[in-house]
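See below for the structure under consideration.
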Amino acid sequence: MYRAPRGTSDILPEEQAYWRYVEEKVVELCQLYGYERIDSPAFEDTRLFARSVGEGTDIVEKEMYTFTDKGGNLLTLRPEGTAPVCRAYLEHGLHNRPQPVKLYYIAPIFRYERPQAGRYRQHYQFGCEAIGDDDPALDAEVIEMAWRFFQSVNLHHLTLQLNSIGCKRCRPGYLNTLKDYYASHTEELCADCKVRLVRNPLRLLDCKRPACQRIADAAPRSSDHLCPECQSHFTRLQRYLSLLEIPFALNHRLVRGLDYYTRTVFEIQPENGGAQSTLVGGGRYDDLIEELGGRPTPAIGYAMGIERIILNLKEQHIPVPPLPGAQVFIAHLGDEAREEAIKLASRLRRAGTAVILATGSKSLKAQLRQANRLGARYALILGEDELKSGTASLRDMTTSQQSLIHLSELPGALK
Ligand code: ATP
Ligand code: MG
């Protein structure tokens, strides 16, 4: 027996109500904030991700699904959504449109991770990117948008964490201060952090090991080492969030796992959250477009994991509207009745009624049992008697009441 590859799963019909619910809320939200949908290919040139996400990151070092195709091209299944959107922005000259260009996507993401609850090798992200402006009001709007999304799906008990990690002018100085601080703690660090100290010192701050966390807690803070421009940007962002009544907590250890972030970084988590609980991660990436060959173009975005949203909806017992099921089940007895039923099913569907037509030659009882299990509102029964009189028996599946109705009247009656 074949099974779905480790870390992947099938989304069966009974799960689809959750997916539809989340997607509908996403579409509504994006329309409210002026975001338009973009879909990019599932794979890209590997260099796009190596360049943008960063060589020293977990994603590029350990998590990418990379392959060479038959033409010898080195390709990678999308491990995140921002780089492809930026690539598309550049490729299609979107800088010619009014800035910021606001785009969103819902797309599968592929990462070779250790599968566990809320962590998969293929998952879906909803993400937004606002490209072409550095106004902190845009940061506030983007964060508000992510925050309001959870209100719209009825998820509560979340926290918003915020930090600023500076820009290419002030960060190098901060990183030196950070390295100096860590130099006197090298012996106490875990093996991963020893590597981070050399390759990616900012990541020292979000190590999950308690011993490393204690060291990180007392580390110098990026927000204390911002240049005047970044400082003012961060102050204004906080002011706008307060105006919008979005509650946030400053977290000086929040740095995010991708290299392209500058200034604003944020995450939204459940209050009782564990390691796999981050629902949204996002931030500014003011240098990325330039890094990919464009003109200097500030931008900000976020992404959220749809599976984790659904896990939380279930945990908080949030009801989602059921998907519309079959309205009518057509049961039939005998060859002649079957032919009449085939025509009737087609006629009703053309009139806009959702119909399930019985197949095979089961007993009436078996057919009605099936109608019941499918959740049909009505069953239409075509037997010999009905055929003779040009009628069908219309059975209300909830009350079991049954009445004869003329075939010609059916489409209208069912509407
Ligand atoms: P984490 O710290 O949990 O590994 P991350 O920082 O790698 O998250 P991002 O790259 O910011 O996550 O991705 C955005 C969102 O996508 C996350 O906040 C999370 O909701 C979701 N996500 C990330 N990786 C996975 C995964 N392997 N399986 C399911 N959802 C994921
Ligand atoms: Mg991760």
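The values are calculated or read from the model by the stated rules, or taken from the named source; none is laboratory data. The shown structure was predicted, so the numbers you read here are calculated from the model rather than taken from an experiment. Note that we place each Cβ from the backbone using ideal geometry, even for glycine, and neighbour counts take in every protein chain shown.
Is it the case that Gly7 is under 19 Å from the mean Cα position of the chain (by Cα), within 16 Å of ligand 1 (Cβ to nearest atom) and among the small types (Gly, Ala, Ser)? So Gly7 fits the description; yes. Applying the selection to the stretch 280-332, what residues are buried (at least 20 other Cβ atoms within 10 Å of the Cβ), among the polar types (S, T, N, Q) and over 30 Å from Leu90 (Cβ atoms)? Within the stretch 280-332, Asn312 is the sole residue that qualifies. Among the numbered conditions (1) over 24 Å from Glu307 (Cα atoms); (2) of a type outside the set (D, E, K, R); (3) within 16 Å of ligand 2 (Cβ to nearest atom), the only one that Leu138 does not meet is (3). For the stretch 153-163, the count of residues that are in contact with a His (Cβ under 7 Å, 6 or more places away or on another chain), more than 30 Å from Arg20 (Cα to Cα) and assigned by TED's automatic domain parsing to the domain that holds Ala249 is at least one.
Annotation note: of Glu113, Glu141, the sole residue that is at pLDDT 95 or above and over 18 Å from the mean Cα position of the chain (by Cα) is Glu141. Among the residues of this structure, Thr46 does not count as one that is hydroxyl-bearing (Ser, Thr, Tyr) and within 16 Å of ligand 1 (Cβ to nearest atom). Taken together, the residues in the stretch 222-265 that are within 16 Å of ligand 2 (Cβ to nearest atom) and in contact with a strand residue (DSSP E or B) (Cβ under 6 Å, 6 or more places away or on another chain) amount to 4. Which residues, taken from the stretch 44-99, are buried (at least 16 other Cβ atoms within 10 Å of the Cβ), in a strand (DSSP E or B) and acidic (Asp, Glu)? Of everything in the stretch 44-99, just one residue is buried (at least 16 other Cβ atoms within 10 Å of the Cβ), in a strand (DSSP E or B) and acidic (Asp, Glu), namely Glu44. Checked against the criterion of being touching a residue at least 12 places away in the same chain (Cβ under 8 Å), under 30 Å from Val198 (Cα atoms) and more than 16 Å from ligand 2 (Cβ to nearest atom), the candidates Pro41, Pro79, Pro84, Pro100 yield just one match: Pro84. Here Gly54 meets each of (1) among the small types (Gly, Ala, Ser); (2) modelled with pLDDT of 95 or more; (3) more than 22 Å from the chain's Cα centre (by Cα) with one exception, condition (2). Among the numbered conditions (1) of a type in the set (S, T, N, Q); (2) away from ligand 1 (no atom under 16 Å from the Cβ); (3) in a strand (DSSP E or B), the only one that Gln16 does not meet is (3).
Please determine whether any residue of the stretch 196-206 is among the charged types (D, E, K, R) and within 14 Å of ligand 1 (Cβ to nearest atom). Yes, the stretch 196-206 contains a residue that is among the charged types (D, E, K, R) and within 14 Å of ligand 1 (Cβ to nearest atom).
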